[in-house]
Amino acid sequence: MAMRVATFHTTSSLLQKTLNTQAKLAQIQEQESSGLVSSDYGGLGTSVSRVLDLSSSISTAEANISAAETVVSRSDTYASVLEDITDLLTNARSAVSGTSTDDELEDLQAEAAEYLEDLVLLLNTQFNGRYIFSGSETDTEPVDISSYEATDLTTVNTDYYQGDDYTQLIRLDSGTEVEYGVTADLEGIEQAMRALSYLANTTSLTTDDLDDVDDLLVDAQDALIAATSKAGAVSSRLESYIENEEDFIATAQDLATDLTSIDIAAAAVEATAYETQLEASYSALSKILNLSLVDYL
């Protein structure tokens, strides 16, 4: 095609505008198809930093939720085990109160030995393969009674405990730290171990001892109920935190959607306008390119 000198400038200008219109039409058609302003961050213009900030904040909130949900599950496990121990001690107290003669002491001691074994099993509970009552020693069973025996009802004895005194905690994004967890040397647990071990193993047990045993079991239950309540409070607090983080994520996602999405209906109208404009440009180009001086001679 030979372009005439007289129409060169007009043709070049119109051709450039046509190509621009063609590019804009292709862009709006892609947006209409995907529903997005751009398929990558580069096409978001001034909104890109805001979108990146929102994306980072959403990822952080999701990580916070995951960590909090794990702690809630652990706290619920603590509470459940402590409730089971409290129930076990209730049964032990019933057995104690049901013993009124020296002849029944042997059966009571046998029952106490079973309760002690059950207590050990409960305290050696694992969560996701980790012992939860061992403090930071999560690979070690917290309770071992192979060399433990309470010799009286008044002396505190945690020789059964194999863990440490580390307190678990979770750091929330606000900088707040929430302590959680229970170790098997907790006062109520030690009192329960002491009472049941003494009841099961002492060779000088008499019915006169049973009131003291019951009193110690009551003290153990009171401490365990308090620990259960604390574990429940941690779960409740973190559940509220999780709910707030989920609300934040929903809001942030809506904002990100507003910044990265387009109005499909408006895009369709805009695409139609560009198509009409492009057809007009094609028509004008055709006429210019077909101009000939001979037609006017």
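Per residue, how big is the convex hull around the C-alpha atoms of region 112-270? Give it to me in cubic angstrom, could you? It would help to have the intermediate numbers written out before the result.
On the way: hull volume 24.6 nm³, N = 159.
Once divided by residue count, the hull of region 112-270 is 155 Å³.
For region 203-252, what does the accessible surface come to per residue with a 1.4 Å probe? Please give it in Å².
Values: 2610 Å² over 50 residues.
I get 52 Å² per residue for this part.
Quick one: check the C-alpha center-to-center distance for region 69-139 versus region 226-243, whole angstrom.
Each part's Cα centre sits 22 Å from the other's.
Work out, step by step, the length gained on full extension between THR60 and SER100: first 0.36 nm times the residue separation, then minus their alpha carbon distance; give nm to one decimal.
Full extension of this stretch gives 8.2 nm more.
So if we plug the beta-carbon distance of ASP208 and GLU114 into 1/(1 + (r/R0)^6) with R0 = 22 Å, what FRET efficiency do we get, rounded to 0.05?
According to the calculation, E is roughly 0.40.
If you roll a 1.4 angstrom probe over the protein chains with everything in place, what fraction of the accessible area of region 89-199 belongs to carbon and sulfur, to the nearest %? Don't skip to the end; give the middle numbers.
Working: 2170 of 5660 Å².
That fraction is 38 percent.
Compute, for region 139-228, the length of the dipole vector about the Cα centre, with Cβ point charges of +1 (Lys, Arg) and -1 (Asp, Glu) only. Units Debye, rounded to 20.
It comes to approximately 220 debye.
Taking R0 as 35 Å, what FRET efficiency do you get between SER136 and ASP258 from their Cβ-Cβ distance, rounded to the nearest 0.05?
Efficiency at R0 = 35 Å is approximately 0.15.
Leaving out ligands and nucleic acids, note down the accessible area per residue over region 74-116 with a 1.4 angstrom probe, in whole Å². Intermediate results must be reported in sequence, preceding the final value.
Numbers: 2120 Å² over 43 residues.
That works out to 49 Å² for each residue.
Explain nothing, just compute: Karplus ³J(HN,Hα) = 6.51 cos²θ - 1.76 cosθ + 1.60, θ = phi - 60°, for every residue of region 185-200 in order, whole Hz, x for Gly and Pro.
After applying 6.51 cos²θ - 1.76 cosθ + 1.60, I find 9, 3, 3, x, 5, 4, 5, 5, 4, 4, 5, 6, 5, 4, 5, 7 Hz.
Roughly speaking, what is the stretch gain from ASP53 to ASP76, that is 0.36 nm per residue apart minus the C-alpha to C-alpha distance, in nm to one decimal?
4.9 nm
The values are calculated or read from the model by the stated rules, or taken from the named source; none is laboratory data. Fair warning: this is a prediction, and the values are worked out from it, not measured in the lab. Virtual Cβ from ideal backbone geometry, glycine too; neighbours counted across all protein chains shown. Quick note on the areas: whole protein, heavy atoms, side chains included, nothing else; ligands and nucleic acids left out. Shrake-Rupley method; radii C 1.70, N 1.55, O 1.52, S 1.80 Å.
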